[in-house]
1. Check P241 against each of (1) on the phi > 0 side of the Ramachandran plot; (2) within 16 Å of ligand 1 (Cβ to nearest atom); (3) loosely packed, with under 14 Cβ neighbours inside 10 Å and name the one condition it does not meet.
2. Quick check on my filter: what residues within region 306-325 are out of contact with any Phe, Trp or Tyr (no Cβ under 6 Å at 6 or more places or on another chain), modelled with pLDDT under 95 and buried (at least 17 other Cβ atoms within 10 Å of the Cβ)?
3. Would it be correct to say that Y173 is over 27 Å from L253 (Cα atoms) and open to solvent by less than 10 Å² (accessible area, probe 1.4 Å)?
4. For residues in region 76-109 being in a strand (DSSP E or B) and more than 16 Å from ligand 1 (Cβ to nearest atom), which is nearest to the chain's Cα centre (by Cα)?
5. How many residues are part of a loop (DSSP other than H, G, I, E, B) and among the hydrophobic types (A, V, I, L, M, F, W, C) if we restrict to region 130-187?
6. Among the listed residues H301, H347, identify the single one that is outside any loop (DSSP other than H, G, I, E, B) and within 27 Å of V22 (Cβ to Cβ).
7. Of the conditions (1) in contact with a strand residue (DSSP E or B) (Cβ under 8 Å, 6 or more places away or on another chain); (2) surrounded by fewer than 22 Cβ atoms within 10 Å (Cβ to Cβ); (3) assigned to a helix (DSSP H, G or I); (4) among the hydrophobic types (A, V, I, L, M, F, W, C), L377 fails just one. Which one is it?
8. Among the listed residues A328, A282, identify the single one that is among the small types (G, A, S), surrounded by fewer than 21 Cβ atoms within 10 Å (Cβ to Cβ) and in contact with a Leu (Cβ under 7 Å, 6 or more places away or on another chain).
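The values are calculated or read from the model by the stated rules, or taken from the named source; none is laboratory data. Being a predicted model, the structure only gives us computed values, none of them experimental. Every residue, glycine among them, receives a Cβ derived from its backbone with ideal geometry; neighbour counts consider all protein chains shown. SASA here: full protein model, heavy atoms, side chains in, ligands and nucleic acids out. Shrake-Rupley method; radii C 1.70, N 1.55, O 1.52, S 1.80 Å.
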Amino acid sequence: MTDITTVYGNDDWWKSAVVYQVYPRSFADSNGDGIGDLPGIIDKLDYLAELGVDVVWLSPIYASPQADNGYDISDYYAVDPVFGSLDDLDRLIAGLHERGMKLMMDLVVNHTSDEHPWFVESSSSLDNPKRDWYIWRQPRPGFAAGELGAEPNNWASLFFGPAWQLDERTQEYYLHLFAIKQADLNWENPEVREAVYEMMRWWLDRGVDGFRMDVINFISKADGLPDAPVTPGATLASGFPLFSYGPHIHEYLQEMHQAVFAGRPEHVLTVGEMPGASVEQARLYTDQERGELDMVFQFEHVELDYGPDGRYGDARPLPLVELKSSLATWQLGLSDVGWNSLYWSNHDQPRAVSRFGDDGEYRQHSAKLLGTVLHLLRGTPYIYQGEELGMANTVFDSIDDVRDIESLRYYAQQRALGVDDETLMRQLRGTSRDNARTPMQWTDAAHAGFTTGTPWIAATPDHTEVNAQAAVADPDSIYHYYRMLIALRKSDPVIVNGDFHLLLPNHESVFAYERRLEGRVLRVVANFSSVHTSVELDDEGFEPLLSNYDASPVALRPWEVRVSAKGY
Ligand code: TEU
Ligand code: CA
């Protein structure tokens with residue numbers, strides 16, 4: 001297998017790379033305990049190499065009480081026994097490197113588990129040397145500790161309820177932007193920052209090639225942690241503008257770059273997960289001259305379909321014109337400086353084919369169309385496990401099927417407010433993070449071939465038809481189509497380096513764009529609908545390159561995508 005660094009030169013290998021996200025809990029279970037693990041991933045390395053991906057992003061495998069499936073870490077230097085051992089991780093790194101692939105670890109340092117020794121120490125007394133490693137505050141003046149309204153400010157946790165938890169021992173509150181078991185670290189303390197950098201260097205020395213940084217734009221909070229503006233009648237408010245993009249964010253990222261990445265023999269691949277980041281902010285974060293990050297995961301295109309109640313209310317139908325305009329803004333905004341990451345889904349989002357495509361009659365066509373539109377944009381594409389099979393949202397019959405802490409907390413909170421079960425189950429079927437977390441569908445056997453035991457979350461019934469074994473055997477499958485898209489990226493510099501031009505911005509069902517480089521043009525025309533439609537574009541000189549249908553009549557068929565090229 002050709003190593004991409006030899007094709008593109010060492011410095012920019014990450015611009016031509018394709019990343020595959022593995023959510024270890026749901027990928028492959030080797031020992032029948034129902035939970036995916038590192039030996040399970042090692043068994044599937046040839047599958048990933050065949051697909052052609054360059055980098056594996058591994059969601060957290062560190063020691064963790066698993067309150068949020070590993071995003072609550074209790075030891076940054078250990079592998080959780082449920083996933084295996086450090087030896088297994090070393091074998092995974094070696095297995096990837098042997099096949100010309102790289103490993104990107106998840107880095108969760110906005111918060112730790114409340115069972116991390118740092119937090120255990122910090123909470124043990126008011127004068128413990130690690131007291132200041134977390135964000136502790138006294139009750140609101142005029143309130144007794146534990147009294148309703150005594151929280152130091154009015155911020156809501158992203159997992160519902162107040163973002164503050166009283167610690168009985170010292171009678172102070174600690175900040176947790178996510179679950180109660182996820183305590184926010186105090187990045188203003190230089191000892192905390194150095195402890196994080198030291199840990200990152202340890203992993204790089206062990207052979208990992210990059211980091212995906214969890215909610216990294218939340219590490220600097222507004223001075224004084226003020227109340228957020230509240231809507232009349234409510235007690236809690238979104239502290240979002242106050243805990244994201246805080247005053248020291250660029251300073252910390254530059255410091256991290258100097259302390260961890262600068263001067264390493266190989267470029268360290270970095271992507272910052274940044275809910276709410278704007279294009280203007282991303283230009284700063286990803287300008288190589290500034291020494292911060294390679295790219296960010298922005299959220300604009302995955303929040304466009306939110307209804308008035310946000311993520312967990314009923315979604316609104318997403319006008320394609322808005323999706324195109326959003327993606328085009330990011331394409332153009334990061335054209336002269338910075339770099340885009342490209343994704344339709346991950347472990348926090350519903351399945352792409354169910355959300356942006358048609359997971360019924362046109363599953364195959366729409367999954368290929370989505371892959372094409374994404375992979376031919378300018379940026380680094382991310383494939384979420386099972387996306388290459390067209391895996392769809394799952395079926396939740398009852399709240400007992402749901403496992404995700406965020407979904408369960410939403411359900412409990414809304415039930416307490418009197419909302420009925422049927423409404424909530426409908427909403428969760430559309431938006432629950434568990435849609436992405438069902439077992440990877442390997443075969444048509446019981447539990448999709450994911451485990452010989454009982455899976456921690458039920459496999460989606462459609463695995464009898466949608467599975468890797470069938471896809472690998474069928475040359476016309478979504479899987480093989482993805483292989484072609486990845487191979488095309490490696491062979492055509494227009495895809496990595498070309499400029500982006502949106503065509504037909506106001507067309508309501510067709511997403512069309514061109515990539516241009518030195519007289520060569522790559523054109524993508526995609527029908528995001530189940531009805532025939534036609535577009536008026538001058539085809540002269542264009543040769544067909546790739547499509548999800550055979551032979552092309554004039555009109556575009558349902559979910560048809562056509563790629564053509566000129567000047568080659
Ligand atoms: O997610 C951060 C985040 O803000 C959202 O995408 C999140 O899924 C939340 O549901 C918003 O409603 C990251 C991780 O990807 C996620 O899995 C973790 O639960 C979270 O941080 C806390 O570590
Ligand atoms: Ca297991």
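1. Among (1) on the phi > 0 side of the Ramachandran plot; (2) within 16 Å of ligand 1 (Cβ to nearest atom); (3) loosely packed, with under 14 Cβ neighbours inside 10 Å, the lone unmet condition for P241 is (1).
2. R311, A315
3. Numbers: over 27 Å from L253 (Cα atoms): yes; open to solvent by less than 10 Å² (accessible area, probe 1.4 Å): yes.
Yes: the conditions hold for Y173.
4. Step by step, filter region 76-109, then rank; the result is L103.
5. Here is the first cut: in region 130-187, the residues part of a loop (DSSP other than H, G, I, E, B) are 130, 135, 138-154, 157-161, 163, 168-171, 176-181, 186-187.
Remaining after also requiring among the hydrophobic types (A, V, I, L, M, F, W, C): 135, 143-145, 148, 150, 158-160, 163, 177-180, 187.
The total comes to 15.
6. On the way: H347 fails: outside any loop (DSSP other than H, G, I, E, B).
It is H301.
7. Going through the list (1) in contact with a strand residue (DSSP E or B) (Cβ under 8 Å, 6 or more places away or on another chain); (2) surrounded by fewer than 22 Cβ atoms within 10 Å (Cβ to Cβ); (3) assigned to a helix (DSSP H, G or I); (4) among the hydrophobic types (A, V, I, L, M, F, W, C), L377 breaks only (3).
8. On the way: A282 fails: surrounded by fewer than 21 Cβ atoms within 10 Å (Cβ to Cβ).
Among A328, A282, only A328 is among the small types (G, A, S), surrounded by fewer than 21 Cβ atoms within 10 Å (Cβ to Cβ) and in contact with a Leu (Cβ under 7 Å, 6 or more places away or on another chain).
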